Amino acid sequence: MIKKLDIIWNITLVCPWDCEFCCTDAVHVSNKFGEIIATEHSLTNERVVNAKLSDIFKEKYPTKQPTQFDLALLDRQLRGVEPDLESKLQILKNLEGYDVSIDFAGGDPLSCYENYLVIREASKLFGADNISITSTGYSIKRYELSELAEYIGEYEFTYDENHTTTPCTRPKGYNVSNIKIAERFAQIGIRTKAQLPLHVGNIESININKIYAELDSRGIDELLLMRTFPVGRGIKYLRKNNLDREALKHAINKFTELSEQGSTKVRLQCALKHLTNSNLDLNPCDMMRESFGINYKGELLLSAWANNSVGLPLGDEFVIGSLVTDSFLELSASPNFQELESKMNENFGHCKIFSYMYGGKTRDSLFKTTDPLYM
């Protein structure tokens, strides 16, 4: 029986950034000519958010001044697209009874004040050491770092292009704002982890040197090397910018060499581990062994990466059920869950997201040896 749960909760799609290969297809919220614009569905559909929603927000939180991101979230909740605060708190209750670690991600979780309340409650239930946030420097500056530090054990952030180079995939200012906040967290004793999806903007040695030197000089504890997944807006991106096996191995080896001389430790995401070590005893894919995702709708997913180009699940195969209405205990007792769990080692070492995408996008393709990196 599963007792340890390692969960990535993409608690909202609302985000201040419009990254080219966002894995969740986040909703970019901006202000244009005095109007709040929410850009959805692979950045193709613009929606004007009614500024008068601020009255509703102020009724709920009289001491807080709403931002455009708060109002965009409220608009989505009123449309039934994202769950309200009470439903999010119910999700936490439906995880009780387990040893739970939660990374709150998005979108940008801390762009919206309401999600801060959820994070605070999660910290009370499961302990601050079991709570991390993957947020951006743009949004975190809204809060007092010392207060946030009471509720989290780790700050995770994306840093995949050094700010001295021309951005390849990220909006200007994205990476530098993240690392500045990360440095401040490190200075007050919070663990810090940089997440680096490997792509054409960071694969060359000169860029690797710059990125690692920046992380190391700012006291970042860990660097997680990741694959860029064919999910979210990355589906379109990877058709033109896919990296082969040798390019990935070069980058991994280079980062590892640098870490041997520095203090920032390098770790590989599960989807890369089989590339450098084919003699593993334990399947590096920890899907369903302990790793799960929760999406912005409150659905429990086999993987937090299982999102299509408009932010919905890649397929019904990845949806276990709703944590708004059912507990994890109830969902994990279903015959469907038990069958999936029993087959997880059938394609040992292969990433099940890639296996699914390249193996026919069926339930059976989750367990095929069709991850192109390992074929």
Count - residues of the stretch 258-301 that are aliphatic (A, V, I, L, M) and part of a loop (DSSP other than H, G, I, E, B):
3
The one condition residue 214 fails out of (1) over 18 Å from residue 164 (Cα atoms); (2) buried (at least 20 other Cβ atoms within 10 Å of the Cβ) is (1)
Looking at (1) touching a residue at least 40 places away in the same chain (Cβ under 8 Å); (2) touching a Gly at 6+ places or on another chain (Cβ under 8 Å); (3) not polar (S, T, N, Q), which is the one condition that is false for residue 186?
(1)
Filter pass, residue 26 being within 20 Å of residue 229 (Cα to Cα), at pLDDT 95 or above and either in contact with a helix residue (DSSP H, G or I) (Cβ under 7 Å, 6 or more places away or on another chain) or not assigned by TED's automatic domain parsing to the domain that holds residue 199 (or both):
yes
Which condition number does residue 265 fail, the rest of (1) within 30 Å of residue 236 (Cβ to Cβ); (2) under 22 Å from the mean Cα position of the chain (by Cα) being met?
(1)
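Every residue, every condition in (1) hydroxyl-bearing (Ser, Thr, Tyr); (2) under 30 Å from residue 209 (Cβ atoms), yes or no:
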site: 263; (1), (2): yes, yes
site: 269; (1), (2): no, yes
site: 280; (1), (2): no, yes
site: 286; (1), (2): no, no
site: 299; (1), (2): no, no
site: 310; (1), (2): no, no
site: 336; (1), (2): no, no
site: 340; (1), (2): no, no
site: 343; (1), (2): no, no
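Any residue in the stretch 233-246 that is assigned to a strand (DSSP E or B), touching a Ser or Thr at 6+ places or on another chain (Cβ under 8 Å) and either under 30 Å from residue 315 (Cα atoms) or of a type in the set (S, T, N, Q) (or both)?
no
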Long-range neighbours under 8 Å by Cβ, at least six apart or interchain, first residue in the same structural domain as residue 14 (by TED's automatic domain parsing) and on the phi > 0 side of the Ramachandran plot within the stretch 290-307, second at pLDDT 95 or above and outside any loop (DSSP other than H, G, I, E, B)
298/87; 298/88; 298/91; 298/322
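For residue 355, state whether it is among the hydroxyl-bearing types (Ser, Thr, Tyr) and closer than 27 Å to residue 134 by Cα.
Taking the combined requirement at face value, the residue satisfies it.
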Can you tell me which residue within the stretch 123-175, out of those that are part of a loop (DSSP other than H, G, I, E, B), among the hydrophobic types (A, V, I, L, M, F, W, C) and at pLDDT 95 or above, is nearest to residue 11 (Cα to Cα)?
152
Result of the Cβ filter at 7 Å on the stretch 342-364, keeping first residues that are of a type in the set (S, T, N, Q) and partners that are surrounded by 15 or more Cβ atoms within 10 Å (Cβ to Cβ) and in a loop (DSSP other than H, G, I, E, B), at least 6 apart or interchain, is 345/283; 347/368; 355/347; 355/368; 355/370; 355/371
Restricting attention to the stretch 298-308, does a residue exist that is among the charged types (D, E, K, R) and either surrounded by fewer than 17 Cβ atoms within 10 Å (Cβ to Cβ) or farther than 23 Å from residue 216 by Cα (or both)?
yes
Within the stretch 1-89, strands (runs of 3 or more DSSP E) holding 2 or more residues that are more than 30 Å from residue 125 (Cα to Cα):
27-32, 35-40, 45-49
Consider only pairs whose beta carbons are under 7 Å apart and that are at least six residues apart or on different chains; among these, list those whose first residue lies in the stretch 34-58 and is free of Cβ contacts under 8 Å to residues at least 40 places away in the same chain and aromatic (Phe, Trp, Tyr) and whose second residue is surrounded by fewer than 16 Cβ atoms within 10 Å (Cβ to Cβ) and not in a strand (DSSP E or B).
none
Identify, by number, the condition in (1) under 18 Å from residue 170 (Cβ atoms); (2) outside any helix (DSSP H, G or I); (3) out of contact with any helix residue (DSSP H, G or I) (no Cβ under 9 Å at 6 or more places or on another chain); (4) modelled with pLDDT under 95 that residue 224 doesn't meet.
(4)
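The values are calculated or read from the model by the stated rules, or taken from the named source; none is laboratory data. All values reported here derive from a predicted model rather than from experimental measurement. In this analysis, Cβ positions are derived from the backbone assuming ideal geometry, glycine residues included, and neighbour counts consider all displayed protein chains.
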